[in-house]
Amino acid sequence: TAIIKHFDIDRAYFIGTNRSMWDNMADFFQTSEEYIYELIEKKGNGILEDSDLKILDKAINKRLKDRGSKCFIVKDGENEEELWAVFNKFLEILENINDNDEVYFDITHLFRSVSVMSFIMAEFGKTYKNFKIAGLFYGMLKKNEPSLIINVAMFFELLECAKAIEEMEKFASLDRLVSLANKKLPQNALNSLQNLNYAFEIANMTAMYKSIQNLEKHLDYFSQNDNK
């Protein structure tokens, strides 16, 4: 909810098991006491289902701008069958995310294997739906002081760099590297990189040789750049 407030989120999806603290959420989003007690009883017996969270869905949607928010109950992920069930729930969420949406992930209270699954699905979703990962947040509990909220979205940048290197080595393609370098290198260095990429695309050996000579003059920009 802190992420929702800070970034003025339009739509939110909440994931938990049938024993997660859905009653706390129901209290925060101001549902009835009767409903809260019903959630406590059902989760205590381990029989809470998605259909039991419809009232909570409505309460969340009253608060947010977009009316597509929803809660999902997932398995614990204790075996492969349950992991696939969790994957299918994530797919259901991805179906409701549009191309070019900005998506924030909060994995602070995720449990067991689901936090790992969320990271994988975030990366999977970028290809599947072409959305932008605007942040991946983790709350770090501190004693006797406010907890830190860490944005670990840099992990995805590292993955992009690894893909860029792989594409360059295997396919002589600099498309991804050019995209990563955009706005992070001086324009003359970026131009040299783009020219080399074009030379690769048209398989022009003379152009490749000239482009490599040109790019060599700008290699210091890569090693001296502030961007890790």
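Annotation: ASP226 fulfils all but one of (1) surrounded by 11 or more Cβ atoms within 10 Å (Cβ to Cβ); (2) closer than 24 Å to ALA134 by Cα; the unmet one is (1). Scanning region 123-153 for residues that are touching a Gly at 6+ places or on another chain (Cβ under 7 Å) and either at positive phi or open to solvent by less than 80 Å² (accessible area, probe 1.4 Å) (or both) returns PHE131, SER147, ASN151, ALA153. Scanning region 2-56 for residues that are farther than 24 Å from GLY135 by Cβ, part of a helix (DSSP H, G or I) and small (Gly, Ala, Ser) gives ALA26, GLY44, SER51.
Kindly check whether there is at least one residue in region 61-75 that is on the phi > 0 side of the Ramachandran plot and surrounded by fewer than 17 Cβ atoms within 10 Å (Cβ to Cβ). Please lay out each step first, then the result.
Of all residues in region 61-75, those on the phi > 0 side of the Ramachandran plot come to none.
No, because not a single residue in region 61-75 is on the phi > 0 side of the Ramachandran plot and surrounded by fewer than 17 Cβ atoms within 10 Å (Cβ to Cβ).
Within region 162-179, being open to solvent by 80 Å² or more (accessible area, probe 1.4 Å) and aliphatic (A, V, I, L, M) holds for one residue alone: ILE165.
Residue-wise test of (1) among the aliphatic types (A, V, I, L, M); (2) within 30 Å of ILE3 (Cα to Cα).
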| position | (1), (2) |
| --- | --- |
| MET140 | yes, yes |
| ILE150 | yes, yes |
| GLU160 | no, yes |
| PHE171 | no, no |
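Among the residues of region 198-210, the ones that are more than 21 Å from CYS161 (Cβ to Cβ) and surrounded by 14 or more Cβ atoms within 10 Å (Cβ to Cβ) come to 5 in all.
The residues of region 191-228 that are within 36 Å of the chain's Cα centre (by Cα) and in a loop (DSSP other than H, G, I, E, B), listed by number, are HIS218, ASN225, ASP226, ASN227, LYS228.
Given the structure, is GLU102 out of contact with any Cys (no Cβ under 8 Å at 6 or more places or on another chain), at pLDDT 85 or above and either loosely packed, with under 15 Cβ neighbours inside 10 Å or more than 19 Å from ILE4 (Cα to Cα) (or both)? Taking the combined requirement at face value, the residue satisfies it. With respect to the stated conditions, LEU159 is over 17 Å from ALA12 (Cβ atoms) and surrounded by 12 or more Cβ atoms within 10 Å (Cβ to Cβ).
Under the condition of being touching a residue at least 12 places away in the same chain (Cβ under 8 Å) and open to solvent by 50 Å² or more (accessible area, probe 1.4 Å), which residue from region 180-197 is farthest from MET154 (Cα to Cα)?
Our first condition is that a residue be touching a residue at least 12 places away in the same chain (Cβ under 8 Å); within region 180-197, this holds for 180-181, 184-186, 188-190, 192-197.
Add one more test, that the residue is open to solvent by 50 Å² or more (accessible area, probe 1.4 Å), and what stays is 184, 188, 194-195.
Numbers: LYS184: 15, ASN188: 26, GLN194: 24, ASN195: 28 Å.
The selected residue is ASN195.
Residues in region 19-42 that are of a type in the set (D, E, K, R) and at pLDDT below 90: ARG19 alone.
The values are calculated or read from the model by the stated rules, or taken from the named source; none is laboratory data. Since we're looking at a predicted model, the values are computed, not measured. So basically every Cβ, Gly included, is an ideal-geometry build from the backbone, and we count neighbours across all protein chains shown. Only protein heavy atoms, including side chains, enter the accessible area calculation; ligands, DNA and RNA are left aside. Shrake-Rupley method; radii C 1.70, N 1.55, O 1.52, S 1.80 Å.
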